[in-house]
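The values are calculated or read from the model by the stated rules, or taken from the named source; none is laboratory data. Worth saying up front: this structure is predicted, and the values here are computed from it rather than measured. Because the Cβ atoms are built from the backbone with ideal geometry, glycine has one as well, and the counts that use them run over all protein chains shown. SASA here: full protein model, heavy atoms, side chains in, ligands and nucleic acids out. Shrake-Rupley method; radii C 1.70, N 1.55, O 1.52, S 1.80 Å.
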Amino acid sequence: MKSKLVYIAILIACTPFLDGCRRELNVNPQERIPLPNYYKTQADAFAALVAVYDRFGFQNGGLYDKLAIMDVAGDDQQTGGGNSTDINDLQVMEHYALTPQTGPAAYLWNRGYSGVYRANVLLAQIGGIPMDDGLKKRYIAELKAMRGAFYFDLVFFFKNIPLLEGVLPIDSIYNVVQTTPDKIWSYVEQNLNEAIPDLPATVDTAKEGGRLTQGSAKALLGKVLLYEKKWQAAADQLKAVNGDNPGVSPSIYGYKLLANYGDLWKSNTKFNSESVIEFVHTTKSNGNWSDAGASEGNLNCITSGPRSYGLKTGYTSPDYYAGYGFLIVAKGFAQTVIYGDPRCTATVANLDSLQTAGVCTYSASYLNTGYFLNKFMGRIANKATSGVVELNFAQDEYEIRLADTYLMEAEALINAGGSGTVGSRAYQLLNAVRARVGLAPVDVTQTSIEKERRLELAGEGLRWPDLVRWGKAGTTLAFKGFVPGKHEIFPIPQAELNNTKLVQNDAWK
């Protein structure tokens, strides 16, 4: 959801601990508009709103995003690539060789705070813009919902962070201090609760696909409450998203599981009935190698494709586009955990078996397993017909989808003391996810929920957050170098500490 708008207010509002914002200062000065001349019209407000959405699904110019970081940090995937330093931030993440100077923490910090700043600037200006009151309320609601989402990620990843509720005066930017995590969590809840009433119940996806709705904000709020272990409150929010009869009839927001699990990963199923929050990608952006992160295409489609892939004579499929061999699937997960599950084929591509069968050839990734993340591998049939092909795959990413909210509500219910046996709502929720792929029902326990989340949501950037919030990362990820009491959070990037009053997290000092 890009725009050639000028981010003038963001440029003025930058702070020295917002390195991503500093990079925006490199734009052509001729493209800047003085602040008094901007935020005059409804069109200006919309352009600035688009700027905030840009940060919502922001990808790093180093060819990765939040999903990729979370995938390689977990136990079911490896970085791969061409060698031990290829996309080094991901290699560092996989082996927990993080420092305040190295790794993907700077990207996560910058994505969050640049989004917060863009939201704060428009919120400060929108009151004076002449536009329809209802539309203005909607814009404010979208801004607050996204601000809540940015802070949710920031407090989960970094814990001790500054709370910036408005635009900072220039003379105070060196004096910002951190607040307590509980205040950030409360602020996230506040933003989402304030946003929900003024968001639309649904949108016309042909015109506004990807914009936030009441259902998406409620789903995010339910997730926040789940992470805070506010079990019943989380269940209440998620029930509104999931509906009264999950797996049978749509919710009041129209959400319903797709009949075919594999259809979730097709470019022509954008904004489907299972999508709750979706990061939008397109083949029509002007992304180029001078700033790959500015592309609107899905970078994971090119990075996860097998290296030097080619079909042998006589074969026309699988039509994978030759990529860079990242986000490879761990052998243990492919051969033991998901093997035999109906979701295996949609999730994992076994390139070694295809090569052995004489179907294709490909070059091995670093520490190759032979297994690749089928959910995001680019296809020739879906490649761009103009521009830089590698940067313009149109497959979207789900930030939250309905199977996720079903499983989150089930988890909230049983932790709130509810039943997980036949006839209970938790039973209906979890087994709706299983029934979609033809699996028999099971009783709902914390263990069965954890297993189902691992299988259903594999490769979607949720395994690491799940392990951390369940308190299981220390044992599960010890083989990768995870240190309990330290690696549950990221180090605050050193560049954000220099010449400011911010203090490094204790475990990273």
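Of note:
- The alpha carbons of the chain stretch over 65, 52, 48 Å along the principal axes, in descending order.
- Solvent-accessible area per residue, Å², over the chain with all protein chains present [probe radius 1.4 Å]: 38 Å²
- At least 24 Å along the helix axis (C-alpha) and Kyte average at least 0.0, DSSP helices within the chain: 105-125, 133-158
- Backbone phi angles across the stretch 295-305, fed through the Karplus curve with coefficients 6.51, -1.76 and 1.60 (θ = phi - 60°), yield HN-Hα couplings of 5, 8, x, 7, 5, 5, 5, 7, 5, 8, x Hz in residue order; Gly and Pro are listed as x.
- Annotation: amide H of E296 within the under-5 Å range of S285, N286, G287, sequence separation 5 or more or interchain, hydrogens built in the peptide plane.
- Taking all protein chains as they are arranged and a probe of 1.4 Å, the heavy atoms of M70 leave approximately 10 Å² accessible to solvent.
- Inter-centroid distance (Cα atoms) of the stretch 75-146 relative to the stretch 197-274, Å: 22 Å
- Taking amide hydrogens as placed 1.01 Å from N in the peptide plane, the amide H of F326 sits under 5 Å from those of G81, S304, G305, each at least 5 positions away in sequence or on another chain.
- Amide H contacts of C360 (H built 1.01 Å from N, under 5 Å, at least 5 apart or other chain): K312, Q355
- Coupling constants for the stretch 354-368 follow from the phi torsions by the Karplus curve (6.51 cos²θ - 1.76 cosθ + 1.60, θ = phi - 60°), and in residue order they are 5, 5, 4, 7, x, 7, 8, 10, 7, 9, 5, 7, 4, 6, 4 Hz; glycine and proline get x.
- Couplings 3J(HN,Hα) for the stretch 379-396, derived from phi with the Karplus relation 6.51 cos²θ - 1.76 cosθ + 1.60 (θ = phi - 60°), are 10, 4, 5, 10, 6, 5, 9, 8, x, 7, 4, 4, 9, 9, 7, 9, 5, 7 Hz, where x marks Gly and Pro.
- Order by protection proxy (mean Cβ within 10 Å, highest first), peptides 333-340, 281-288: 281-288, 333-340
- Kirkwood Rh in Å, taken over all unlike Cα pairs in the stretch 125-277: 17.2 Å
- For the stretch 199-247, the convex hull spanned by the alpha carbon atoms encloses 88 Å³ per residue.
- Two-decimal Rg/Rh across the stretch 456-509, once Rg and the Kirkwood Rh are taken from alpha-carbon atoms: 1.09
- The charge dipole of the chain, taken about its Cα centre with unit charges on the Cβ of Lys, Arg, Asp and Glu (plus for the first two, minus for the last two), comes to roughly 180 debye.
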